[in-house]
Amino acid sequence: MNVLILAAGLGTRLRPLTSTLPKPMVYVVDAPILELQVRMARTLGDVVVHANAHYLAEQIEAEGKRLRLERVWTEPEILGTAGPLSRLYRGGYRGGLLVMNSDAYCRFDLARFVSAAESSGADFALLGVDFPKVNSLRVGGDGKLSGVLRRFGTDAGEAVTFSGVSWYSDAALSRIDPGEFDILKFWEKEVADGRAPFVDMSQKDALWIDMGSPEGLKAACDARRKDLGVDSWVHGAPAQDPRFVRSVVQDSVEVPADATLTDAVLFDGAIVQPGENVVREIRGEGFCWKV
């Protein structure tokens with residue numbers, strides 16, 4: 001089976017952090033989110049992992065080599081979600097495709113999702129999570145997609161959020177038009193033609209954090225620290241220094257000996273003044289976000 005990690009976004013909500021760094025390369029404590037997603041994908045065993053890239057693509061390509069990806073598919077223009085799926089299928093890759101976003105910190109059992117998807121009888125499947133602020137998918141009593149709020153179909157049915165994780169059979173991929181960019185239009189067509197996707201809601205309460213905003217990035221770092229079992233992570237290692245409480249400091253940041261950090265995340269270029277107490281902030285070169 002192939003896995004495609006979508007990594008072509010512009011990361012506008014995280015600028016200026018992402019002015020010179022693509023969002024998939026933003027560190028969530030100990031590793032870039034792209035690497036964490038690749039690690040999760042490889043828990044499936046024998047898979048072929050791909051990524052796509054557009055914004056600052058050369059950095060994604062270099063990371064792809066380090067992570068031993070099959071291929072990084074660079075895009076001169078953003079192709080939405082449908083475009084990369086069609087492109088990979090037309091490139092000759094077969095055996096089904098798992099798709100993952102590169103900007104979500106999550107704890108999903110991917111093997112369980114793929115097994116449920118393959119046994120559902122549907123040609124493709126979506127993994128749903130319960131996130132009331134966004135819950136836009138509507139799921140009918142048959143467990144299949146019946147609509148997307150403000151886009152198509154019915155507003156009736158159980159409401160969940162699309163996690164960004166999906167599975168497509170070769171048959172489904174073959175029906176995506178080469179010029180189709182908007183995956184929701186493909187979903188709408190499939191529902192109309194009686195081929196609605198299965199929506200797996202068995203993991204809807206699993207951890208899922210969209211780390212594409214400052215608040216989401218801070219939440220992802222907090223969750224990652226807990227997963228690593230550390231209170232703070234400073235210069236590439238767990239820290240037990242009383243000056244650092246629930247904080248993350250990247251390698252090049254210097255923290256004066258009389259400064260303290262509480263619930264802080266410091267990226268390269270962050271400046272901390274002598275005697276300063278940094279509380280609930282994300283800092284980097286040229287920015288400071290209160291979170």
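Restricting to the stretch 80-108, and then to whatever is surrounded by fewer than 20 Cβ atoms within 10 Å (Cβ to Cβ) and within 22 Å of residue 211 (Cα to Cα), can you tell me which residue is modelled with the highest pLDDT? The residue in question is 107. Contact annotation: no residue pair with Cβ atoms under 9 Å, 6 or more positions apart or on different chains, pairs a residue in the stretch 181-197 that is on the phi > 0 side of the Ramachandran plot with a partner that is surrounded by 19 or more Cβ atoms within 10 Å (Cβ to Cβ). Here the condition is being in a helix (DSSP H, G or I) and either free of Cβ contacts under 8 Å to residues at least 40 places away in the same chain or more than 14 Å from the chain's Cα centre (by Cα) (or both); of 18, 43, it holds for 43 alone. I need the full set of residues from the stretch 67-79 which are in a loop (DSSP other than H, G, I, E, B) and at pLDDT 95 or above, in order please. Within the stretch 67-79, 67, 68, 69, 70 qualify. Restricting attention to the stretch 165-192, the residues that are surrounded by fewer than 22 Cβ atoms within 10 Å (Cβ to Cβ) and either of a type in the set (Gly, Ala, Ser) or more than 18 Å from residue 94 (Cα to Cα) (or both) total 15. Looking at residue 37, is it surrounded by 21 or more Cβ atoms within 10 Å (Cβ to Cβ) and among the polar types (S, T, N, Q)? Considered against the rule, which asks whether it is surrounded by 21 or more Cβ atoms within 10 Å (Cβ to Cβ) and among the polar types (S, T, N, Q), residue 37 comes out as yes. For the stretch 155-214, a residue qualifies if it is touching a Ser or Thr at 6+ places or on another chain (Cβ under 6 Å) and farther than 22 Å from residue 9 by Cβ, and the qualifying residues are 157, 198.
Being crowded, with 22+ Cβ neighbours inside 10 Å and within 23 Å of residue 84 (Cβ to Cβ) is a property that holds for residue 129. Annotation: of all residues in the stretch 260-290 being of a type in the set (A, V, I, L, M) and buried (at least 17 other Cβ atoms within 10 Å of the Cβ), the one that is farthest from residue 19 (Cα to Cα) is 261. Sub-6 Å Cβ pairs linking a first residue in the stretch 24-35 that is within 17 Å of residue 247 (Cβ to Cβ) to a second residue that is among the hydroxyl-bearing types (Ser, Thr, Tyr) and modelled with pLDDT of 95 or more, at least 6 apart or interchain, are 28/105, ordered by first then second residue.
Residues of the stretch 214-247 that are over 20 Å from the mean Cα position of the chain (by Cα), closer than 21 Å to residue 288 by Cα and not in a loop (DSSP other than H, G, I, E, B): 232, 233, 234, 244, 245. Of all residues assigned to the stretch 193-209, at least one qualifies as being surrounded by fewer than 16 Cβ atoms within 10 Å (Cβ to Cβ), under 20 Å from residue 86 (Cα atoms) and modelled with pLDDT of 95 or more. Only a single item in (1) outside the structural domain of residue 171 (by TED's automatic domain parsing); (2) touching a strand residue (DSSP E or B) at 6+ places or on another chain (Cβ under 9 Å); (3) among the small types (Gly, Ala, Ser) is not met by residue 257, and it is number (2).
The values are calculated or read from the model by the stated rules, or taken from the named source; none is laboratory data. Fair warning: this is a prediction, and the values are worked out from it, not measured in the lab. With ideal geometry, Cβ positions are generated from the backbone for all residues, glycine too; neighbour counts draw on all protein chains shown.
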